[in-house]
1. What spacing in nm lies between the two simple spin-label points modelled at residue 324 and residue 27, each 7 Å away from Cα in the Cβ direction?
2. Give me the angle, in degrees from 0 to 90, between the Cα long axis of helix 212-226 and the longest principal axis of the Cα atoms of the chain, rounded to the nearest 10.
3. Pairs of Cα atoms under 8 Å, at least six residues apart: use those to get the relative contact order of the range 120-254, whole percent.
4. Please report, in whole Å, how far the alpha carbons of the chain spread along each principal axis, starting with the longest.
5. Could you tell me how far the Cα centroid of the range 252-287 sits from the Cα centroid of the range 409-429, in Å?
6. What distance in nm separates the simple spin-label points at residue 82 and residue 183, each placed 7 Å from Cα in the Cβ direction?
7. For the chain, what is the relative contact order in percent, using Cα pairs closer than 8 Å and at least 6 residues apart in sequence?
8. Sort the following peptides by mean Cβ neighbour count (other Cβ atoms within 10 Å, averaged over residues), highest first: 144-157, 422-435.
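We did not get these values from a lab; they are worked out from the coordinates using the rules stated. Fair warning: this is a prediction, and the values are worked out from it, not measured in the lab. Here the Cβ positions follow ideal geometry from the backbone for every residue, glycine too, while neighbour counts run over all protein chains shown.
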Amino acid sequence: MNKTKGAYEKLHDLSRHIAILSSVYQLLEWDQETYLPSDAIFHRARQIETMASLIHKEKTSARFAKALQELIDIETGEILNTNLSSAQIAALKEWRRDHLKTVKLPSSFVKTFAQTTSQATHIWAIAKKTNDFALFAPYLEKIVNLCRKKADFLGFKEHPYDALLDLFEPEMTTSFLIPLFSKLRISLSELLKMIGTQPIPSDSFLHGEFSHARQMRFAEELLKAMGFQRSSSRLDESNHPFCNGIAPKDTRMTTRINPDALMNNIFAVLHEGGHGLYHQDLPEDQYGSPLAESISLGIDESQSRFWETLIGHSLPFWKCFYPKLQKEFSEKLSGIHINEFYRAINIVRPSFIRIHADEVTYSLHIILRFELEKALIEGQLKVKDVPQMWNERMRDYLGISPQDNSIGCLQDIHWSMGAFGYFPTYTLGNLYAAQIFEAFERAYSGWRERVETGDLLFIRNWLASEIHRYGRQFTPHQLIVKVTGKALSEAPYIHYLHRKFTALYHLE
Ligand code: CO
């Protein structure tokens, strides 16, 4: 018995050491996106490369493999010890999953990948700023090739894209996504068409001059209401908002302040705050084990979208927060009724930028990206033809086409980071969120009244007890069945959108 406990704890100790190294790596990345002087980028690339290879070395070390092999057969997945709890057994399976992914990638490959993507991220930022796709193209070319190589190293049954997808959404496959996304695209297009027959509400009062300091102050207030404390989290600014759950009690979130558009920052903060709560509510005593990590990017994104859209775009939420917002920006909002504001923040209108897209058009942006990167990996699409194909699909799905690549195929950081297979997790996040929200509504039929009073903590607690506290004890599929009683489908999302926008746009 003692020996059993010893073996598990030995593995956890080794893994905790790796987690600490990873937290240093994440800190370098966070700094690169927030405060790093631009001339320091090439040295930063060296630092990141060094850390990545150090982490890779630890993960692939003989002693780690030996510690793991004592508890679970790495080859077959058979649990070799019967005295473990079901949570520990689940952790071992996840450790093995990670281990197999890691050992399949040679150290030299990991090093090249980290170096290339670090430089590419920097170049992408310049290319986006100067609308210069040709500047970024050679880097994208390199990255596509590296991702293809990566898929080969990792191995796959049906499609090379499966290997990349699996890195972010375990057990998700291209063949599952194709019909799911196709059903979704058809439903969304129909809804978009119906909405398009109605006049667009006015939102001019959400544009103009909004003080930077006041916007930051309101953002901090929202995070406080969600339950964040300044002693264990930060909010900074970056080109592309993100959340980095660096370590327990150290959650870094960023936003982007647009002085001309009031809601961009607010929704970014609710979104990153949703990610942040997931990380804050993971069990701290399990730090370093899979039981203290988020399940997948899709599940992680379901938490951000839960707060940003299902709560943050709802009328009960704004019944509490709109008077506060009016007070902060009284010169623009004092004469605007809450119903007018509610319609304005829920305008459905095809637009170029994914992160500012409304709930109906958002997934169409994702489906487009999924199709493009799948085609790049397959070799069906050449890098030089990306802008053209992007613009064509935008016209097909959203009826608009960007003049500049800056607001087209250069808008997102993901490809420069080598994160092929990542985009679908955004839409999966929306689908998971809507399905989880149905379960939440069953548990709290009076949620509206509570949220109207500014009480958000019961939502945080429900998500923590249903999802966050388990870490990776369940796979995405197991979790969604556990919480909602059903496997993932597009139906709850479509149902939610229909219910909401039929009322908002008087479609019946
Ligand atoms: Co997110």
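1. 3.1 nm
2. 60 degrees
3. Details: 70 pairs, mean separation 12.8, N = 135.
Across the range 120-254, relative contact order equals 9 percent.
4. Ordered largest first, the chain gives principal extents of 69, 52, 45 Å.
5. 18 Å
6. Between residue 82 and residue 183, the simple spin-label model gives 4.2 nm.
7. Details: 679 pairs, mean separation 98.6, N = 508.
Once divided by the residue count of the chain, the mean separation gives 19 percent.
8. Values: 144-157: 16.7, 422-435: 25.5.
Per-residue Cβ counts within 10 Å, averaged per peptide and sorted highest first, yield 422-435, 144-157.
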